[in-house]
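What follows draws every value from the coordinates through simple rules; no lab data is involved. Quantities reported herein were computed from a predicted structural model and do not represent experimental measurements. Neighbour counts are summed over all protein chains in view; Cβ atoms, including those assigned to glycine, are modelled from backbone coordinates with ideal geometry.
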Amino acid sequence: MAWNSMLRLFERLSLCAWWGLAQVTLMVLCPVLLAVPQTGDVLYSGGDILTMRGEAPEMVEALVSREGRIAFVGTLRQAEQQLVGDAKRVNLAGKTLVPGFIDGHSHLLSHADGYTQAKLSPPPMGKVSSIDELVQQLQLLQAERKLGPGEWIVGSGYDQNFLKEARHPTADELDKAFPNNPVVAIHSSGHMLVANSLAFAKVGIDSSTVDPEGGMILRRPGSQVPAGLVQEMAMAVFSDFANPARELQVDLALIRKAVDHYASFGITTAAEHLVMPQKMPVIRAAAEQGLFPIDVVATPVFTMTEQLVADPKFQWRRYHKGLKFGGIKVAVDGSPQGKTAFVTKPYFTRSEGSNIENRGFANIAQADLESLFALAYRHGVQVYAHCNGDAAIDMVIQAHRSVMSGLNQPAYDHRTVIVHSQIMRPDQLTTYQELKLYPTFFTNHVYYWGETHRANLGEDRARFISPLQSARLKGVKASNHTDNAVTPVDPLFLLWTSVARETRTGDVLGAAERVTPYDGLKALTADAAYEYFEETEKGTLEIGKLADLVILDANPIKVSPNAIKSIQVLETIKAGKVVYKRGDR
């Protein structure tokens, strides 16, 4: 039965019958579990309750939530005295209660789109270890979705670093397998893709096409014919085709499924940090239809800044039905594993289409970046600047300083976020502290691409990737993130990578940058709340804050470091409402 028909049927039922049937039916049809409201007070006790307030671990006996907020934190005896009405008691039975995890940076909408794409990731995320296997996954998608001649076939997640051929696929290889369909394979970083000849023809790229500023189209040797690989800003023309317009209800169903996935990992505040123009009405419709039982912080792409700041009805940094537009997002450079991150010293290994002196490149000119910062700062809009390389970070520092020196207004807390901050220098951390710039790190890179970074960057630069401990010692607040769909949504695995800093081979990369489990948790809770100007509402278990909670089957600060990544989320509670419970699906 169609969704609309089902809703019309519900309207004909009595209110009581509608509610009972709606709960059962929606749990079957809707991937997001219904948020089950807790009536009256809820008392949690009988396990470790880790508040995350302060610089050292603090555990209490009991916590009381009331009407979506924390009403009491302290001893069990005092908690019992605080209860109002018919309270519910939750026995943790030795399990651990922590604040809800806050997603420092990821792409919720890309995760949703991924449900319709071929899975091209290498192990352990996927199954693709060769170009033949990549083609097979694209063919499987074509068969499953019954895609006829002329229809687009899209896959995502491939990584040339882990293909046995140790290179990107080519247009010729995709042409041979798909002579009648435009095909796009999106790189795991999201900063490059490979297209076949029909795809190039569809978007109007041929031998006469000039590389755009901040982008590159790789050419066949001895000619200007596109070879297949497209990098950075040159990808823009593929966006509408690789993510075709769908019926709104289809997009919303995918978003519901993605939100459920995030909630199942204990995330109570998720991120969509690159909303493209065509996705703005979709994400707003999702909020209006009540599809966000957890909070979502969205950042529109920087090209929309003038339009948005000129709209008096557009609101920044204020939630509406679970959705908040936190600021604007600009990608200053590319990816380190793809060797398009903009660095001051050359990569040690050769890149396809460039010589040994490759330093990556910027996606935006310095003058344009400074104009963007000036526009955002004048209107009090937070900037999220994607910078993987130290040269890109230098550009942002210069833009910030230049604009701040020319602003004729009282200083305010810009809280500019430098996303990734991976291939950075120690002196830049000092500047972060001086200018109050905020990094959100990406320690999963150590595990997934640690050995690749050693080869590309050398030991000194590789071991300083995502320097969370150095930032902490300098007093620089920082969050940590998965950049999903670049790496999977799993805050506990992310916590483990920040504590262990082990590569896939089990070697330690950057031992001096390992943090304690408690400090690693702060980057997912208390310090992550600061990124979104939400430190008074989230991130710690304190009276008056939102009852955003996660129940874990073990305490991350008590188990061995290697056991952290195996900890399971048992329950996720958003503002006092259960949005995920293990075993209920």
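Pairs from the list Lys279/Lys324; Lys119/Lys329; Lys279/Lys577; Lys339/Lys474; Lys146/Lys202; Lys436/Lys538 with a Cα-Cα gap above 23 Å: Lys119/Lys329; Lys279/Lys577; Lys339/Lys474. The distance between label points at Thr505 and Glu357 comes to 3.1 nm (points 7 Å beyond Cα on the Cα→Cβ vector). From the Kirkwood radius over Cα pairs of the range 108-242, Stokes-Einstein at 4 °C and 1.567 mPa s returns a whole-number translational diffusion coefficient of 88 µm²/s.
The separation of the range 536-585 from the range 438-466, counted between C-alpha centres, amounts to 28 Å.
The distance between label points at Arg220 and Arg284 comes to 4.5 nm (points 7 Å beyond Cα on the Cα→Cβ vector). Evaluated at q = 0.20 Å⁻¹, a Debye calculation over the C-alpha positions of the range 65-184 (equal weights, vacuum) places log10 I(q)/I(0) at -1.14. Here's the list of aspartates and glutamates a cross-link from Lys88 could span, going by alpha-carbon distance under 19 Å and ignoring same-chain residues fewer than 8 apart: Asp41, Asp48, Glu61, Glu67, Glu80, Asp548, Glu571. Normalising the Debye intensity of the range 513-585 to I(0), with uniform scatterers on Cα atoms only, and taking log10 at q = 0.11 Å⁻¹ returns -0.32.
Between the amide H of Glu58 and those of Thr51, Met52, Arg53, distances stay under 5 Å, these residues lying 5 or more places away or on another chain, with hydrogens modeled in the peptide plane. The range 372-423 and the range 275-304 have their alpha-carbon centroids 23 Å apart. The residue list Ser566, Met395, Phe178 was ranked by how far each Cα lies along the charge dipole of the chain toward its positive end, using unit charges on Cβ atoms, and Ser566 comes out on top. A Cβ-based charge dipole, computed about the Cα centre of the chain with Lys and Arg at +1 and Asp and Glu at -1, lands at about 820 debye. Over the Cα atoms of the chain, the radius of gyration divided by the Kirkwood radius equals 0.97; this is the Rg/Rh ratio. Each of the peptides 139-150, 564-575 was scored by the mean count of other Cβ atoms within 10 Å over its residues; in descending order, highest first, they stand as 564-575, 139-150. Using +1 at the Cβ of each Lys and Arg and -1 at the Cβ of each Asp and Glu in the chain, identify which of Pro439, Gly290, Thr525 lies farthest towards the dipole's positive end. Farthest towards the positive end: Gly290. For Lys477, a cut-off of 13 angstrom between C-alpha atoms picks up these aspartates and glutamates, skipping any fewer than 8 places away in its own chain: Glu55, Glu434, Asp519, Asp527, Glu531, Glu535.
The calculated Kirkwood hydrodynamic radius for the range 480-540 is 12.4 Å, given to one decimal from all distinct C-alpha pairs.
Given Cβ point charges of +1 (Lys, Arg) and -1 (Asp, Glu) and nothing else, what value in debye, to the nearest 20, does the dipole of the range 198-266 about its Cα centre take?
Numbers: 6 positive and 8 negative charges, 46 e Å.
About 220 debye.
Where does each of 202-212, 357-367 land if you order them by average Cβ count within 10 Å, highest first? If you can, show how the numbers build up before the last one.
Details: 202-212: 13.5, 357-367: 18.1.
In descending order of packing, they fall as 357-367, 202-212.
Of the two radii for the range 184-310, the radius of gyration is 1.05 times the Kirkwood radius, both from the alpha carbons; that is the Rg over Rh value.
Once you keep just the Cα pairs under 8 angstrom separated by 6 or more residues, what percentage relative contact order results for the chain? Before the final figure, lay out each step's value.
Numbers: 1247 pairs, mean separation 98.5, N = 585.
This gives 17 percent for the chain.
The relative contact order of the range 46-97, computed from alpha carbon pairs under 8 Å that lie at least 6 residues apart in sequence, is 41 percent.
Can you give me the relative contact order of the range 337-474 as a percent, contacts being Cα pairs under 8 Å and 6 or more apart?
On the way: 191 pairs, mean separation 33.4, N = 138.
It comes to 24 percent, rounded to a whole number.
A quarter of the convex hull surface defined by the alpha-carbon atoms of the range 457-501 gives 3.8 nm² as the mean projection.
Distance between the 7 Å Cα→Cβ label points at Trp316 and Ala166: 4.7 nm.
Sorted by average packing, counted as other Cβ atoms within 10 angstrom per residue and highest first, what order do 219-225, 493-499, 399-405 take? Write down the numbers at each step before the final one.
Working: 219-225: 11.0, 493-499: 25.0, 399-405: 17.1.
Packing order, densest peptide first, comes out as 493-499, 399-405, 219-225.
Computed from backbone phi with θ = phi - 60° and the Karplus coefficients 6.51, -1.76 and 1.60, the 3J(HN,Hα) list for the range 552-560 is 10, 7, 7, 8, x, 8, 10, 7, 5 Hz; x is used for glycine and proline. Relative to the longest principal axis of the Cα atoms of the chain, the long axis of helix 15-29 lies at roughly 40 degrees. Take the range 157-199, drop everything but the C-alpha atoms, weight them equally and run the Debye formula without solvent; then report log10 I(q)/I(0) at 0.14, 0.17, 0.29, 0.33 Å⁻¹ to two decimals. Treating every Cα as an identical point scatterer, log10 I(q)/I(0) equals -0.30, -0.44, -1.01, -1.11.
Applying D = kT/(6 pi eta Rh) to the range 457-585, where Rh is the Kirkwood radius over alpha-carbon pairs, T corresponds to 37 °C and eta to 0.692 mPa s, the Stokes-Einstein value obtained is 207 µm²/s.
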